[in-house]
Every structure is written in C-alpha cells, then in structure tokens.
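**Student:** Take a look at this one; I'll ask things after.
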Amino acid sequence: MVYPFTLLKLFYLVRVFSPPPPNCRRFIVATNIAETSLTVDGVVYVIDTGYVKQRQYNPSTGMYSLDVVQISRVQANQRAGRAGRTRPGKCYRLYPSTVYHEEFLEATIPEIQRTSLAGSVLYLKSLDLPDIDILKFDFLDPPSYASLGDALKQLYLIDAIDENGSITNIGQTMAELPLEPSLSRTLIEANENGCLSQALTVVAMLSAETSLLPNYSKGSERKRKQTPLDLPTGEGFGDHIQLLQIYEMWDETNYDPEWCKEHGLQIFQYTWCILMMCYMSGIWLLKIRGMTFVKDVRKQLCQIMQKMANANHEAGSMEVQGSHSWRESQQNYRNLRKALCAGYANQLAERMVRHNGYRTLGLKSQLVQVHPSSVLQPDEDGMLPNYVVYHELITTSRPFIRNVCAVEMRWALPVFKKLESLDVNKLSGGVGPPEDDTQGKPEDGPKKEANDAEPPADRDSKIQAARERFLARKGKK
C-alpha cells in the first residue's frame, strides 16, 4: 500500500510509479491530486468516496477552512476516468446514482468564489479606469457581494486605496509586486523603516507553500526530548521574528543542508508533475520547495525591489542586502514589527482582559486562540501581548490565528479610526449601493447606468489607454 502525498520522503513517492512485486496487488491511497495532475499506469479499479477536502474562504469572518464537501459531477467523471487507462477497468462509487444526479453540482465551484479577492481587486484598481465599479463589475464567474466588499475593506485598511476607492501611490507599488497585498504593504513600510532586508526574509519564509518547521504535537515524546536551543524562539515577539532568525542562522552556515536536517527543517518538497516526468525519463532531477525555495524567492524579491527603486530614482534609499547577523537589536525588531502591523492592518487581534484568548478587530469580531505551534511567549504574569497581527485565520477544532507577531497599540490606532469611517460603496467606486443584494451577489444589482450616458467610443479609448499604461509598466520590469 502506497500513499502519494508530497510531504513523504522520496523513497515512498517512487513506490507509486514502481510496479508491484510478483503475485501482489498494489493499493494507492490518493487525494484529489490523482484526478488530473497524476496518472499512474496499471490502475484498474478506482473507489470513489464522493468527497474531497476543499479550502474555502469565509469573507464575513476572514477565515480559511478546510472543509469536507461533496465533489461535482465533473470531478466524479474525472475519477472514473482514472480506471482502465491501459486496460479495461471499473470505478466503484460509494454513493447512489440519485446523489450523483440530484445532489452533486454540475461543475466545481470556481476558485474566485471561494478565496480572498484582495489581490484581484487591487489589480482592477491599478488599471486606473475612473468609472469602474468593483461591486458591479461583470465577472465571468461573479463572486459574492460579501467577498468583494471584504477585499475592498482589506485594501483600504492597508492604504492601497483611499476613502473614495481611488488607488494610492502605495497601492500602485503594491500591484507591481508578485505577492499578497499584505506582504507587499509590509515590504513598502519596511523600506521606510530601514528594515527591508529583514522583511524580505520574513516574506520569503511566509511564501513557502507548506510549513518549513518541524511539527511536534504537544504531548509527543520527540518534543519532550528536544532541547530549547535547537531553534531560536523569536525573542518572545512571535513567529515572524523566529522565521527571520532561523533563516539568518542558516545563512551563517553558508546554506548548509545538513544544518536544516539537524534542526528538523524542510529542505525539499517534491512536486508531482516534475516527479512523474523525471520517472518517465529516468532522470531524478527534482524541483524542490523548502528552505532552498525560500532562498530563491528572497533573491528574486531583492531584484524586483531594486528594479523598482531604480525606476523611481530612489536606489539610494533602498538597501536590500543588509546585515546577515541573526542577533539583531531590539530596535530593528521593533521596526520590523511596525512594518508588519502596517501590512497586516486588516488582521489585528486584541487579547481578552481575563484570559489569553483574542478578539479579531474588524467589522465582525470573533474569539480566536493562538495556534499551539506559535512561539509567542507570555509575560511574568502569564499573559500574552495585548495586540498581535496574524498571517492566517484558520479553523480546525476551533478558530486559530497562525504566524502571530506582537505589536503595540499606538501602531494600531490609525486602523481603528479607519474602521469608523468605512463605506464599502464609496470604496467600490460606485455612486450608490446595489439595489438588490438580498442574494449577496453583485450580479443581482442593476447594470451600470454610466454605460448609457457615455459614448462607446470614449469608453473604448479609456480602456485602450489603460491597457497601454499596463503594458508600459510591465515592460519596465
């Protein structure tokens, strides 16, 4: 029996493609990666449970969750197609045909309807079309009104757009960076605070698709045997500082892979498309993700920031290499934490008065707990910091905030003032709210009346001008 999960060691991954021993039957337990991304020769029978784990974003809470949901009919047909690729086979579905025809959706829900849209909305705003209304924009697969409103609120809180919905200079710079808006805003603020080198490291570490750190359960024997000096603790400020310290400790060893192994860090993560092609060609040259991936991302971000600085004639104000000593001063950590507070202004949480639970700050607050893997440390009274920013809000057995960093209250005061004067309809760029948003969809509202008042030739010329501006910016990179 083999399990094709990308976090397994190479020895176990190769067994997926290797033929079974004589007089043996091979069983493969796979995720939905086997629907389209992976084809294994010799599979004759497929057992389809009818379910899949799907990552979904709730705009009302700002929380991601990994939910077990029913597959669509398209996915069911894809799974059936895995059987009998090289000879006749069968697919056994663990659900009746009535469920397939009556309960399953025709197609999988598009990703734009189940993810945060802050990056997409920022791109639309960067096109600089004066009459564009985000809430009434004619998407091919229209997301919900709540998702678009949530994206506008996020961008407003991190200074990407102003109170009238117009993109700011900061927002234009953020749109040029290939990062999430929060991370882009962090880099811009870090450059002003003189800690860009440290912020680049943190952003690169957060850009890794999986956790690079060893994952110990609280009661595991392995964790009890681990010495506290194995990895830095972030000086008590939280996970972002720990990520910075880990990378710079690795830098001091000249990026030695053995150091990563000794400290339980991921060096490589194998991707299935490359793994399969290498197996078919007989060459085991693997695309890797892990600490080496972080190193490459940081190098690319340094180059992008330097190009942007040269384009703006500000090369002298941008120091992207910086110091490599991981024992930075408290002042530098303070500057970095201040930059993180500006970047994650839409992801602030305040500690409760009598316990270490937190309340997220926003239009719809909720109680959350710091993730058990966090290195955020309490004070001598056993209380955690009063205010923190977090990279991700997830729900498993309960709501958790993950990758947490302590911040000061005065840094968060501008965010509180913005929350008091927030108007989603003004941020959208429209003149008024949708007339019928009972379904929570922007397509329920009326079509733009501006289309009738403006000649088509003028609209075409504006669109063409925006396209030319975009291509000009792209050519400078």
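The values are calculated or read from the model by the stated rules, or taken from the named source; none is laboratory data. Quick caveat, the model's predicted, so the values are computed rather than measured. When we count neighbours, we look across all protein chains shown, and the Cβ atoms used for this are built from the backbone with ideal geometry, even at glycine. The area values use the complete protein model at the heavy-atom level, side chains included, leaving out ligands, DNA and RNA. Shrake-Rupley method; radii C 1.70, N 1.55, O 1.52, S 1.80 Å.
**Student:** Pull up the range 397-434, narrow it to residues that are in contact with a strand residue (DSSP E or B) (Cβ under 8 Å, 6 or more places away or on another chain) and either assigned to a loop (DSSP other than H, G, I, E, B) or free of Cβ contacts under 8 Å to residues at least 24 places away in the same chain (or both), then point me to the one that is surrounded by the most Cβ atoms within 10 Å (Cβ to Cβ).
**Tutor:** Glu408
**Student:** Another question about this same structure. What residue, of Tyr100, Tyr92, is more than 30 Å from Lys153 (Cα to Cα), open to solvent by 40 Å² or more (accessible area, probe 1.4 Å) and aromatic (Phe, Trp, Tyr)?
**Tutor:** Working: Tyr100 fails: open to solvent by 40 Å² or more (accessible area, probe 1.4 Å).
Just one listed residue meets the conditions, Tyr92.
**Student:** Right, another one. Quickly run through the range 153-171 and pick out the residues that are farther than 15 Å from Gly62 by Cα, open to solvent by 30 Å² or more (accessible area, probe 1.4 Å) and either in a helix (DSSP H, G or I) or of a type outside the set (D, E, K, R) (or both).
**Tutor:** Scanning the range 153-171 gives Asn164, Ser166, Ile167, Thr168, Asn169, Ile170.
**Student:** Out of curiosity, is Val69 part of a helix (DSSP H, G or I) and at pLDDT 90 or above? Spell out how you get there, then give the answer.
**Tutor:** On the way: part of a helix (DSSP H, G or I): no; at pLDDT 90 or above: yes.
Considered against the rule, which asks whether it is part of a helix (DSSP H, G or I) and at pLDDT 90 or above, Val69 comes out as no.
**Student:** What helices (runs of 4 or more DSSP H) completely inside the range 227-281 contain at least 3 residues that are open to solvent by less than 40 Å² (accessible area, probe 1.4 Å) and at pLDDT 90 or above?
**Tutor:** Numbers: elements: 239-252, 257-262, 272-281.
By residue number, 239-252.
**Student:** Sticking with this structure for a sec: Considering (1) open to solvent by less than 70 Å² (accessible area, probe 1.4 Å); (2) touching a Lys or Arg at 6+ places or on another chain (Cβ under 9 Å), say which one Leu148 fails and leave the rest.
**Tutor:** (2)
**Student:** Only residues that are closer than 16 Å to Leu183 by Cα and in a loop (DSSP other than H, G, I, E, B): list them for the range 114-125, please. Walk me through how you get there before you give the answer.
**Tutor:** Taking the range 114-125 as the starting set, the residues that turn out to be closer than 16 Å to Leu183 by Cα are 116-123.
Of everything in the range 114-125, those that are closer than 16 Å to Leu183 by Cα and in a loop (DSSP other than H, G, I, E, B) turn out to be Ser116, Leu117.
**Student:** Collect the residues in the range 42-66 that are of a type in the set (Val, Ile, Thr) and assigned to a loop (DSSP other than H, G, I, E, B), keeping them in residue-number order.
**Tutor:** Val43, Val44, Thr49, Thr61
**Student:** Test of understanding: among Asp150, Asp141, Asp128, which residue is part of a loop (DSSP other than H, G, I, E, B) and closer than 18 Å to Leu427 by Cα? Let's see the steps before the verdict.
**Tutor:** On the way: Asp150 fails: part of a loop (DSSP other than H, G, I, E, B); Asp141 fails: closer than 18 Å to Leu427 by Cα.
Of Asp150, Asp141, Asp128, the one residue that is part of a loop (DSSP other than H, G, I, E, B) and closer than 18 Å to Leu427 by Cα is Asp128.
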